[in-house]
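Notes follow the structure.
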Amino acid sequence: MADSKYRVENPEGGEQKRVAGRAGRESASFLHVPDAPHRPGDEPRFARFTQQPGDLSRPDPLAHYEQLRPHATGLVRVLNDDGQAAGPWDPKLSPAELRTALMIMVHTRQLDRRMLTMQRQGRLSFYLESTGEEAVAAGAGMALLPDDLLFPSYRQQGLFLARGMPLLDMMCQCIGNRSDNSKGRQMPVHYSWRKGNLVSISSPVGTQFPQAVGAAMATAYRGESHVVATWIGEGTTAQGDFHYALNFASVYMPPVLMHIVNNQWAISTHRNLSTGGKSFAARADAYGMPGIRVDGNDFLAVHAVTQWAADRARQGGGPTLIELLTYRAGAHSTSDDPSRYRPSDEGRLWPGGDPIARLAQHLVELGEWSDEKQQELEHKAERMIAQTYKQAEKVGSLADGPHDPPETIFDDVYQNLPEHLQRQRDELGG
Amino acid sequence: MADSKYRVENPEGGEQKRVAGRAGRESASFLHVPDAPHRPGDEPRFARFTQQPGDLSRPDPLAHYEQLRPHATGLVRVLNDDGQAAGPWDPKLSPAELRTALMIMVHTRQLDRRMLTMQRQGRLSFYLESTGEEAVAAGAGMALLPDDLLFPSYRQQGLFLARGMPLLDMMCQCIGNRSDNSKGRQMPVHYSWRKGNLVSISSPVGTQFPQAVGAAMATAYRGESHVVATWIGEGTTAQGDFHYALNFASVYMPPVLMHIVNNQWAISTHRNLSTGGKSFAARADAYGMPGIRVDGNDFLAVHAVTQWAADRARQGGGPTLIELLTYRAGAHSTSDDPSRYRPSDEGRLWPGGDPIARLAQHLVELGEWSDEKQQELEHKAERMIAQTYKQAEKVGSLADGPHDPPETIFDDVYQNLPEHLQRQRDELGG
Amino acid sequence: MATMNMIQAVNSALDVMLERDGNVCVFGEDVGYFGGVFRATEGLQKKHGTHRVFDTPLAEGGIVATAIGMGINGLRPVPEVQFADYIYPAFDQITNELAKLRYRSGGEWFAPLTVRAPCGGGIRGALYHSQSPEAYFTHTAGLTVVMPSNPVDAKGLLISSIESDDPVMFFEPKRLYRGPFDGDPHKVPSWQGHPGSDVPVGHFRTPLSKAVLVREGDAVTVVSWGTMVHVVRSVIDSSDVSADLIDLRTLVPMDLETVAASVRKTGRCIVVHEAPRTGGFGAEVVALLQEECFWHLEAPIARVTGWDTPFPHALEWDYMPSRKRIADALTRVMEA
Amino acid sequence: MATMNMIQAVNSALDVMLERDGNVCVFGEDVGYFGGVFRATEGLQKKHGTHRVFDTPLAEGGIVATAIGMGINGLRPVPEVQFADYIYPAFDQITNELAKLRYRSGGEWFAPLTVRAPCGGGIRGALYHSQSPEAYFTHTAGLTVVMPSNPVDAKGLLISSIESDDPVMFFEPKRLYRGPFDGDPHKVPSWQGHPGSDVPVGHFRTPLSKAVLVREGDAVTVVSWGTMVHVVRSVIDSSDVSADLIDLRTLVPMDLETVAASVRKTGRCIVVHEAPRTGGFGAEVVALLQEECFWHLEAPIARVTGWDTPFPHALEWDYMPSRKRIADALTRVMEA
Ligand SMILES: Cc1ncc(C[n+]2csc(CCOP(=O)(O)OP(=O)(O)O)c2C)c(N)n1
Ligand SMILES: Cc1ncc(C[n+]2csc(CCOP(=O)(O)OP(=O)(O)O)c2C)c(N)n1
Ligand SMILES: [Mg+2]
Ligand SMILES: [Mg+2]
């Protein structure tokens, strides 16, 4: 059953293999355990996206959610396979805006590259890249307004770049040196930037999703005009917090955008094992809210859908669930080794392609860009980021510091230092 | 938005009022807080069920779940308003079977009546009735097989009667006397009956739902033929455990029946405040499984849908989500006072009517029953139950015991009494 | 001043804070229209509006998570968990998020929640309507843990908790809502005439992290909190042992000074709480005191607590620390 | 006999039990095809089949809940929680269901789970990959709580835990997986040559609720568990204090007799654990000992623990109990 079920209208391509195929002593048991479509040694077989730009209407932002049912199982696209923008979802951004987007995405990728190298050299304790998913963050980051309050997961560093968090500050957070605005408390990439309305990132997955709904309830409570947006991975939709978020949002209808970044993998766990459902966006309908699936590697589509949902929320239309279809091009993190669980060329064959290449190609199509300009942008970014990292290490390194002094361990547990922590602080000192 | 949304195809009738209607200082805020359709002082306005027996097909038990979409937002009925059975879902039970069903339901109601009185007289610490929902338990209880493993909530006492747990034992549990097979540990109605494959009932709502899915995974693991069934209230669908159950079931497709008893109320919380979604059964689709909404006060419909889902599960078709549309005719429990939050005649006006009256009427229609027989059945049951209760109190009463001796407090914490509990046991003794 | 029972005092604190601070909102299961299963929020929705006091879906995890988001976005939420026994679905949000948000963000973000939850036994609630889970929270740095034992403290401490920018777990011993239960299951005492029931009508604060000396003596120190304060008191009153009785009121951060001073004076100590013994907060009190007052101790510090078992139904009165068990401990400690 | 590190020992225990008992099944996040993020289940799916060893959705609450159902229906599940820091979404199922099922059903139903979870710091994991949450479970009656400190104990205790009909929380100090960390952040020790790395290849049991005397002395008793056992040992080895070092291994039900006997002998005691101090299991050890051994104690029992703060990233080595802090405590307790 699950097989046939899975094959139907599945833009993620691939086929679910019966586990029996690779099982040791399967036969005795009727416990159905799904598997990933491709494992190391397999040759990835992705169907190209059947959905084309223009297939899906762009309803009025206040349309009844039932009018968006096709959007939950379909796929909103703007860029076609030749890099041209088409269809009602084209956000019609200016070339200048597109170049800004490209820059944010390139900077994000170069930052990831650099920090990965630094981690390999032992300068960082850990790192987690967003390679291949840059459009997810850049698209939303540019479509939303500065006052909008964001609850990201650990894989949307692009949001921080889009909002202008200084690269130096981001690097200092990763190093955990004196200039880390979260005081060396968190692992790398767990940024917090109150100035930019970016809420502190947590490691426990999914916790931010219902928090964002609550934050949006506060927005409505005070009758303010900003919206709230949040992001989780498709694997994390299995958490209770995902259900809490959708259900509370369905009751109080606050202005919140809930993004599911479906990059096919949760560490080694393929989305087939995260749920038997076909579409993550389709969860929305039974909660009485619109769900939209979008090509997450298509910057224009991501921007357009975010804008539509933000308009809806600002106008009192309530929450929207957005599934961004993409692929985790790199390892889960520097602690991971994907070659153990998926073919190395699966990413290259992903039908969504590379978001940066696709946006660059589009700009070229528009006569607003060239391969040379692209190379220059990338080299400039690379150099600038290398420079900045040197500065960051000057402020302090993980191994040699200087860090905040040891006694700062006891700060920020409570607003004021209570007596028992004062005593422990003395104990640490003496 | 929520209003219009709510009015569409809503078999639960009533209209959601804008809260502003009863709010104090609403205007400032744009936080949408729904309300119940009727509050004390309102005159309940329920639409009659628009769906009729025969409206919905009865697909093959192994049908693809998408064929069941109409069933998730529609309503499976067998008994029409005149008490005749009609349509493809008619389970075609023999008059003898129908009379057994009627007996189980009448005994359930009389048991509830008696125990409520005993609680009022201070003989019990607490009680919780299932009045108005007898068909939910009797229908499933008769459709399932004795080997099927059941994880009920606290409001399906009918399952224990259907499976033949002696009334005396049930009463001794409620009293908590020496003959309580759960040794006076739990509050009344938290039955456990291993002999009858009825798993111990817990107070924390919803915990049994994913447990049942795991139990069904064990069934599939060993390739056994029994199925597992579980029940929760519609309010409890807001818990993470509900989502865990559906999602794990969607991945492993085990033989499990998940029942949502939608009796409109969660203590004082109307289902409008439990979710913004219209249909609870409709949740199933996005998880890749069939969802069916059934008239929970129509014994024949409940029996038929349970049987269909059990057949599907036994044949390897996996899980089914079943919403039983009913009404909590009594107070939530003896600690509750519904007159504070709903009109007293809301239950009388509920379009689903009274499940016992409807089944009796059907038997009369068939020429197999009469008002006299009905009265006789009820009086006999009442007398028998009063008698049995006297016996139960002879075994021991809550106030005066005899209970299990104090030192039994320390039994069953672990399989064997560990040393530290041995010491505490001595401490209690001395 | 007015005479209030503990439910009225809680209701009054919420009413006062809703009135004073537009960012205070109150919500939870059956909290809005109905006014709460224990009536703690009765009348507040009608008075302050449906967006200030409202019902939620049946999901403690969702209630606390959304409350954290509201707190992050400028509100001062006071969510209710209907029974402390049902707080565990919110345990991740409380332990990993609420308690650690300020720390992990270097002070940039915080959520000033006060999570209210009725706790404790004595109402025939068995395993799941009787628990005293305070020790799961006293072990979690970043949380303030409060448990009042009378109406005036309940109101003053609840107001201080709501005004605190740190997250507070506020446990209300439900057996005390309507009267000072003194250990006699057959009596139904009323707050009428009890000094703790004289409660200022308006706004006032009772300081957090300050214990109170309920009665004074010199032979032994009894440390307790919640319902047990009254049971202990009734035992002391009917015994000829001269005892200090200290009601901790706030468990974390704890007022060690007051307790240690008393133990230095008496040289003997008993800790009494309802929660199971192993890993109960009593263990922490003992560990601190044996370190602070070692040279003053004339006898081992005794613990009278709930047993290390779930909370039973029929044998409830054999489970809860009884007058007899407390009296025996007094004798034991005095004779040691 | 074979030389195994702690991961290999855990893997071997699971392998042996999967082989011996068809009802044993192993599952969790990334546990199946991949073999676990710490490789604890490497190769087991291929060897024993996909229905015996499998991946789950990312939901600890769902993992434990379904495991309980499997246990109720006759299996003997060994779910993995990827990091102990992520166990809280399952807290309700563990605390209210798993721990209380046998009790509330009068012994009719039980679920023989062993919940495995890597715990502890020392890997730069900061707030959410470093926690030692054992005290949240030692306070929960009905659970057995185990924390091995070396490969042979890990295998023997894991087998005993899986075979136990009581639910077991099995915490694996992840910093010990590949070597006996002795407190020096710059060394990367290996299990090679360590006596604890000689592990029988087949089936064997190490008894639950039995502490072990790691080294013998007469001047002071140090009680510890998990990673700290090795740090304490390195301190004792390089000091001239003659100390008993006791590794509790099973925290609840605890082997009080062994510990008390030692303290009666030495008259001095230090408890060392990684978890935050307030309400840590160390408090219970102290509370029990001061009651059991009061008349033998020549100095207050000291605790060296993690601080009452979340676990920081950059200052990790100032957070974890260091050799220096342990050595200072030794001196303090000896001089008292
Ligand atoms: C509650 C919790 N459980 C487990 C983990 C360990 N973990 C970190 S990321 C991850 C996978 C997340 O996958 P997904 O949600 O798809 O997001 P992605 O990493 O693909 O962006 C897991 C299991 C965690 N961080 N939190
Ligand atoms: C986790 C948890 N939270 C709160 C409660 C208190 N409580 C008991 S029943 C109930 C309402 C349940 O409503 P519903 O799920 O609709 O079931 P019904 O009572 O209508 O059968 C609540 C809130 C509980 N038992 N468990
Ligand atoms: Mg993913
Ligand atoms: Mg209900």
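The values are calculated or read from the model by the stated rules, or taken from the named source; none is laboratory data. Since we're looking at a predicted model, the values are computed, not measured. Every residue, glycine as well, gets a Cβ built from its backbone with ideal geometry; the counts of neighbours run over all protein chains shown.
Details
- Selection status of D:Val188, free of Cβ contacts under 8 Å to residues at least 60 places away in the same chain, farther than 19 Å from D:Asp255 by Cα and in a strand (DSSP E or B): no
Yes/no per residue for (1) within 30 Å of D:His129 (Cβ to Cβ); (2) away from chain C (no Cβ under 14 Å); (3) outside any helix (DSSP H, G or I); (4) among the β-branched types (Val, Ile, Thr):
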residue	(1), (2), (3), (4)
D:Ser239	no, yes, yes, no
D:Leu245	yes, yes, yes, no
D:Val259	no, yes, no, yes
D:Lys265	no, yes, no, no
D:Ile270	yes, no, yes, yes
D:Gly282	yes, no, no, no
D:Pro300	no, no, yes, no
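- Taking the stretch B:404-416 as the range and being part of a loop (DSSP other than H, G, I, E, B) and either at the interface with another protein chain (Cβ under 8 Å from one of its Cβ atoms) or surrounded by 17 or more Cβ atoms within 10 Å (Cβ to Cβ) (or both) as the test, the residues that pass are B:Asp404, B:Asp411, B:Asp412, B:Val413, B:Tyr414, B:Gln415.
- In the stretch A:231-257, the qualifying residues are those that are within 15 Å of ligand 3 (Cβ to nearest atom) and part of a strand (DSSP E or B), and the one that is nearest to the other protein chains (Cβ to nearest Cβ) is A:Gly233.
- One residue from B:Asp371, B:Asp337, B:Asp412 being farther than 30 Å from B:Arg178 by Cβ, touching a helix residue (DSSP H, G or I) at 6+ places or on another chain (Cβ under 9 Å) and among the acidic types (Asp, Glu): B:Asp371
- Selection from the stretch D:87-117 of residues that are more than 11 Å from chain C (Cβ to nearest Cβ) and either over 18 Å from C:Thr309 (Cα atoms) or touching a helix residue (DSSP H, G or I) at 6+ places or on another chain (Cβ under 6 Å) (or both): D:Leu98, D:Glu108, D:Trp109, D:Phe110, D:Ala111, D:Pro112, D:Leu113, D:Thr114, D:Val115, D:Arg116, D:Ala117
- D:Gln82 vs. criteria under 21 Å from the mean Cα position of the chain (by Cα), within 21 Å of B:Asp241 (Cβ to Cβ) and surrounded by fewer than 24 Cβ atoms within 10 Å (Cβ to Cβ): yes
- In the stretch A:200-223, the residues that are touching a strand residue (DSSP E or B) at 6+ places or on another chain (Cβ under 7 Å), within 16 Å of ligand 3 (Cβ to nearest atom) and more than 7 Å from every other protein chain (Cβ to nearest Cβ): A:Gly206, A:Gln208, A:Phe209
- Condition check for C:Tyr128 on (1) within 13 Å of chain D (Cβ to nearest Cβ); (2) away from ligand 2 (no atom under 16 Å from the Cβ); (3) surrounded by fewer than 24 Cβ atoms within 10 Å (Cβ to Cβ): one failure, at (2).
- Of all residues in the stretch A:179-214, those satisfying the criterion of being among the polar types (S, T, N, Q) and closer than 19 Å to A:Ile322 by Cα are A:Thr207, A:Gln208, A:Gln211.
This table checks each residue for (1) more than 14 Å from chain A (Cβ to nearest Cβ); (2) in a loop (DSSP other than H, G, I, E, B).
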{"residue": "D:Val285", "(1), (2)": "yes, no"}
{"residue": "D:Arg303", "(1), (2)": "no, no"}
{"residue": "D:Phe311", "(1), (2)": "no, yes"}
{"residue": "D:Trp317", "(1), (2)": "no, no"}
{"residue": "D:Pro321", "(1), (2)": "no, yes"}
{"residue": "D:Ala327", "(1), (2)": "no, no"}
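- Residue pairs whose Cβ atoms lie under 8 Å apart, separated by 6 or more positions or on different chains, with the first residue in the stretch B:260-271 and at the interface with chain C (Cβ under 7 Å from one of its Cβ atoms) and in contact (Cβ under 8 Å) with a residue 12 or more places away in the chain and the second more than 16 Å from ligand 3 (Cβ to nearest atom) and among the basic types (Lys, Arg), are B:Ser268/B:Arg340; B:Ser268/B:Arg342.
- Listed conditions (1) of a type in the set (A, V, I, L, M, F, W, C); (2) without any contact (Cβ under 8 Å) to a residue 60 or more places away in the chain; (3) surrounded by 24 or more Cβ atoms within 10 Å (Cβ to Cβ) are all met by C:Phe311, apart from (2).
- The residue pairs whose first member lies in the stretch A:200-226 and is at positive phi, whose second member is more than 16 Å from ligand 3 (Cβ to nearest atom) and in a loop (DSSP other than H, G, I, E, B), and whose beta carbons are closer than 8 Å, counting only pairs six or more residues apart or on different chains, are A:Gly223/B:Ala28; A:Gly223/B:Ser29; A:Gly223/B:Phe30.
- No other residue among B:His270, B:His259 is farther than 23 Å from A:Thr237 by Cα and within 13 Å of ligand 4 (Cβ to nearest atom) apart from B:His270.
- Cβ-Cβ distances below 8 Å connect the following pairs, each with a first residue in the stretch B:329-347 that is away from chain C (no Cβ under 11 Å) and over 11 Å from B:His38 (Cα atoms), a second residue that is in a loop (DSSP other than H, G, I, E, B) and of a type in the set (Val, Ile, Thr), and a separation of six or more residues or different chains: B:Ala329/B:Thr131; B:Gly330/B:Thr131.
- Inside the stretch D:42-72, residues that are in contact with a strand residue (DSSP E or B) (Cβ under 6 Å, 6 or more places away or on another chain) and free of Cβ contacts under 8 Å to residues at least 40 places away in the same chain make up a count of 9.
- Of residues in the stretch B:133-190 being part of a helix (DSSP H, G or I) and of a type in the set (Val, Ile, Thr), the one nearest to B:Gln208 (Cα to Cα): B:Val136
- Qualifying residue in the stretch B:266-275 (condition: away from ligand 2 (no atom under 15 Å from the Cβ), in a helix (DSSP H, G or I) and modelled with pLDDT of 95 or more): no
- Test: residue in the stretch B:410-426 that is of a type in the set (A, V, I, L, M) and in contact with a Cys (Cβ under 7 Å, 6 or more places away or on another chain): no
- Of the listed requirements (1) within 30 Å of A:Ile175 (Cα to Cα); (2) within 16 Å of ligand 2 (Cβ to nearest atom), A:Gly240 misses just one: (1).
- Of C:Asn73, C:Asn96, C:Asn23, all but one fail to be more than 18 Å from the chain's Cα centre (by Cα) and either surrounded by fewer than 23 Cβ atoms within 10 Å (Cβ to Cβ) or aromatic (Phe, Trp, Tyr) (or both); the exception is C:Asn23.
- If you go through the stretch B:282-294 and keep only what is within 9 Å of chain A (Cβ to nearest Cβ), in contact with a Leu (Cβ under 7 Å, 6 or more places away or on another chain) and among the aliphatic types (A, V, I, L, M), you end up with B:Ala284, B:Met289.
- Taken as a whole, the condition of being of a type outside the set (Asp, Glu) and surrounded by fewer than 24 Cβ atoms within 10 Å (Cβ to Cβ) applies to C:Ile236.
- Members of the stretch A:40-74 found to be surrounded by 14 or more Cβ atoms within 10 Å (Cβ to Cβ), among the charged types (D, E, K, R) and assigned to a loop (DSSP other than H, G, I, E, B), listed by number: A:Asp42, A:Asp55, A:Arg58
- In the stretch B:345-355, the count of residues that are modelled with pLDDT of 95 or more, within 20 Å of B:Ala304 (Cα to Cα) and outside any loop (DSSP other than H, G, I, E, B) is one or more.
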